[in-house]
Amino acid sequence: MIPSPRLRKVLLVVWATAAFSTVAVLSSSAVPPLVNAIGKVLPLDAAPLAYQTYHFMRDEPASLDVSVNLYVGEWNEFLFETLLGRDENEDLIPAAAERWETSADGKTWTFYLRKTGKWSDGRPVTAYDFLYTYRRSLSYETANPYAAFYYDIKGTKYYNQNEDADPNTLGVRVKDEYTLEIETDHPAPYLGLILSYPTSMPVPRWQVEKYGTRWTEAENCVTNSSYQLTEWQTGSHMTFTLNPYYDGPLKGYVENLHRTFRHPSAANLLPYENNEVGFANVQANELRRVQQDPILSSEMVSTPADGTWYVFFNTHEPPFNNMKVRQAIAHAIDRDTICNVILRGAATPAYSMLPRTFDAHENYSYVQRFDPQLARRLLSEAGYPDGRAFPTMEMWLRQANPETRLVAEVIQSMLQEHLGIRITFRSADYPAFTSNMFNWNIKLGLVPFFADYRDPKNMLDMIWRPGERGRSRHDYTNKAFGRLLQEADREADSVKRTNIYRQAERILVEEAGGVFIYHPVTNALYKPWIKGLKRNKFGGKTFSFTDVYIGKEYLELR
């Protein structure tokens with residue numbers, strides 16, 4: 001029977017009244033929101049605050065003073081807040097600066113700092129803090145290996161390379177207490193990405209001047225981000241807690257971050273499988289096992305990395321000052337075997353510096369192709385037929401894990417088989433390797449570089465632009481290559497600029513300034529209770545220390 005219109009109205013009123021009463025009862029009995037120590041409300045699926053500690057493993061840093069030398073303290077970048085941040089798609093977002101603008105000619109950037117920003121000791125964060133940071137990190141005395149990163153800023157190169165340079169010549173100026181202005185020599189649309197990089201993190205002047213190199217020790221470290229260093233037990237671990245003075249846009253969820261010291265060469269999946277950590281990178285030697293495991297395979301995410309592993313040389317000294325020797329090595333290495341057999345598909349062959357994720361990437365496989373016969377001919381033309389009279393060379397490896405060591409040994413075998421060249425290995429920790437690389441003390445080395453930002457300026461100019469011993473990563477020199485990099489700096493048209501970089505990279509590849517081996521594919525495991533991961537426009541998952549939190553699934557382990 002169909003109710004009459006009048007009856008339908010009565011029924012609707014009764015239903016609405018009942019629904020409202022139900023909502024009222026549920027609201028009155030709802031669980032109060034979970035709020036952490038700095039007032040950030042955690043998502044509904046978060047575990048109680050007692051479990052909001054994120055554990056991770058990395059080697060022990062030598063220092064946290066990364067604005068003068070990134071290599072001494074990586075994986076602590078969350079400790080200081082730069083002017084700008086980046087989201088999961090590498091787009092710029094506000095951080096210490098709440099807004100910014102650029103001039104019509106693209107050469108002047110103005111940053112407006114958040115006026116309520118404070119350091120972890122309660123002092124205000126001002127434009128003067130960033131001015132002091134840049135003057136300090138880019139000065140001649142610091143010999144910052146990342147100084148060239150900032151050479152687009154007016155006066156930086158001269159200031160960095162001259163001991164008595166006037167700091168006022170640097171194109172960084174304070175307009176007022178909360179306004180900073182940075183001027184470049186030419187339009188630099190990527191400057192914001194550079195200023196969001198860890199080497200741009202500010203330092204507390206009063207602590208640096210009081211404690212010198214000891215200013216980043218736990219009892220002296222003052223930070224301006226969502227976290228502060230509270231404990232550093234040498235040889236064991238570091239602990240970071242929420243900074244009660246932080247009121248910015250990038251507040252963290254977890255109450256604590258705990259870094260257990262473990263050298264990358266000793267990395268394996270055991271801590272992950274024992275639920276000691278919620279994240280782990282999968283090395284090539286464990287990839288097949290992970291792929292065949294129903295649980296681990298469901299927790300793995302694969303993403304092409306913006307990086308390249310390559311062999312580099314001291315091109316100013318024998319035998320690698322001979323281009324034909326370098327070219328012979330390029331043709332003697334079978335990259336397909338390395339990627340598909342040794343790395344089990346966790347990489348793609350590299351024949352150039354720029355990965356396929358870059359718009360400027362070009363296929364140069366025909367230039368550095370695997371061709372043993374051509375390799376032997378080139379080595380013979382260089383004066384070393386069948387490797388005779390070629391000195392035994394030492395290949396440097398940086399903190400070599402089992403995967404890196406295996407790749408190096410395969411390269412060693414290929415050079416012996418196809419060229420009669422013998423190489424041995426020397427492993428060095430991060431600081432020692434980097435120091436020797438920048439001082440051009442390494443004749444032969446195997447190393448990766450992962451892009452700081454997705455622009456050819458970063459991977460071609462910063463890494464390969466001709467420079468000076470102690471201040472440049474490599475000694476490769478070619479006048480035409482250098483001129484093209486300078487031309488790219490002056491070109492505002494994006495299409496023309498891309499073509500210029502392609503021409504420059506072709507020279508680098510053809511002269512075998514470096515021998516490019518593979519572009520990694522990152523395979524990572526994430527526990528179901530690690531929450532806050534964001535998926536980017538390329539399909540990969542991104543991790544941020546201020547986005548991550550521990551989910552309720554973690555309680556099932558207790």
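Here are the numbers for the structure shown:
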| item | result |
| --- | --- |
| Residue match in the range 507-517 (condition: more than 27 Å from residue 315 (Cβ to Cβ), out of contact with any Gly (no Cβ under 7 Å at 6 or more places or on another chain) and either outside the structural domain of residue 149 (by TED's automatic domain parsing) or at pLDDT 90 or above (or both)) | no |
| Residues of the range 370-404 satisfying the condition of being of a type outside the set (Asp, Glu), surrounded by fewer than 17 Cβ atoms within 10 Å (Cβ to Cβ) and within 29 Å of the chain's Cα centre (by Cα) | 399, 402 |
| Hits in the range 343-378 (condition: outside any helix (DSSP H, G or I), of a type in the set (A, V, I, L, M, F, W, C) and touching a residue at least 40 places away in the same chain (Cβ under 8 Å)) | 343, 346, 347, 350, 353, 354, 358, 360, 367 |
| Residues of the range 82-95 that turn out to be crowded, with 19+ Cβ neighbours inside 10 Å and touching a Phe, Trp or Tyr at 6+ places or on another chain (Cβ under 8 Å), as a count | 3 |
| Any hit, the range 436-449, residues being of a type in the set (Gly, Ala, Ser), modelled with pLDDT under 95 and within 25 Å of the chain's Cα centre (by Cα) | no |
| Condition met for residue 312 (at pLDDT 95 or above, in the same structural domain as residue 488 (by TED's automatic domain parsing) and over 30 Å from the mean Cα position of the chain (by Cα)) | no |
| Considering residues of the range 66-108 that are among the charged types (D, E, K, R) and more than 16 Å from the chain's Cα centre (by Cα) only, the residue farthest from residue 225 (Cα to Cα) | 105 |
| Output for the range 137-149, where each listed residue is more than 21 Å from the chain's Cα centre (by Cα) and either over 17 Å from residue 212 (Cβ atoms) or crowded, with 19+ Cβ neighbours inside 10 Å (or both) | 139, 140 |
| Residue within the range 532-539 that is in contact with a Lys or Arg (Cβ under 8 Å, 6 or more places away or on another chain), hydrophobic (A, V, I, L, M, F, W, C) and in contact (Cβ under 8 Å) with a residue 40 or more places away in the chain present | no |
| Residue in the range 526-537 that is of a type in the set (Gly, Ala, Ser) and within 19 Å of residue 352 (Cβ to Cβ) present | no |
| Residues of the range 321-333 classified as in contact (Cβ under 8 Å) with a residue 60 or more places away in the chain and surrounded by fewer than 17 Cβ atoms within 10 Å (Cβ to Cβ), total | 1 |
| Selection from the range 203-244 of residues that are aliphatic (A, V, I, L, M) and not in a helix (DSSP H, G or I) | 203, 218, 222, 229, 238, 242 |
| Counted residues, the range 289-309 - those being touching a residue at least 24 places away in the same chain (Cβ under 8 Å), surrounded by fewer than 21 Cβ atoms within 10 Å (Cβ to Cβ) and farther than 23 Å from residue 57 by Cβ | 1 |
| In the range 150-161, the residues that are without any contact (Cβ under 8 Å) to a residue 60 or more places away in the chain, part of a helix (DSSP H, G or I), surrounded by fewer than 22 Cβ atoms within 10 Å (Cβ to Cβ) and not aromatic (Phe, Trp, Tyr) | 157 |
| Residue tally, condition part of a helix (DSSP H, G or I) and either closer than 17 Å to residue 364 by Cβ or in contact with a Gly (Cβ under 7 Å, 6 or more places away or on another chain) (or both), over the range 477-506 | 12 |
| Flag for residue 192 being buried (at least 19 other Cβ atoms within 10 Å of the Cβ) and either under 22 Å from residue 434 (Cβ atoms) or more than 25 Å from the chain's Cα centre (by Cα) (or both) | no |
| Residues (assigned to a loop (DSSP other than H, G, I, E, B) and surrounded by 20 or more Cβ atoms within 10 Å (Cβ to Cβ)) located in the range 310-319 | 315, 319 |
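Table: residues versus (1) of a type in the set (D, E, K, R); (2) over 21 Å from the mean Cα position of the chain (by Cα); (3) within 30 Å of residue 279 (Cβ to Cβ).
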| position | (1), (2), (3) |
| --- | --- |
| 484 | no, yes, no |
| 494 | no, yes, no |
| 499 | no, yes, no |
| 511 | yes, yes, no |
| 525 | no, no, yes |
| 529 | no, yes, yes |
| 540 | no, no, yes |
| 545 | no, no, yes |
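Conditions tested, residue by residue: (1) in a loop (DSSP other than H, G, I, E, B); (2) modelled with pLDDT of 95 or more.
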site: 90; (1), (2): yes, no
site: 93; (1), (2): no, yes
site: 99; (1), (2): no, yes
site: 106; (1), (2): yes, no
site: 110; (1), (2): no, yes
site: 116; (1), (2): yes, yes
site: 121; (1), (2): yes, yes
site: 128; (1), (2): no, yes
site: 133; (1), (2): no, yes
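The values are calculated or read from the model by the stated rules, or taken from the named source; none is laboratory data. The structure displayed is predicted, hence computed values, not measured ones. No Cβ is skipped: glycine too gets one built from the backbone with ideal geometry, and neighbour counts run over all protein chains shown.
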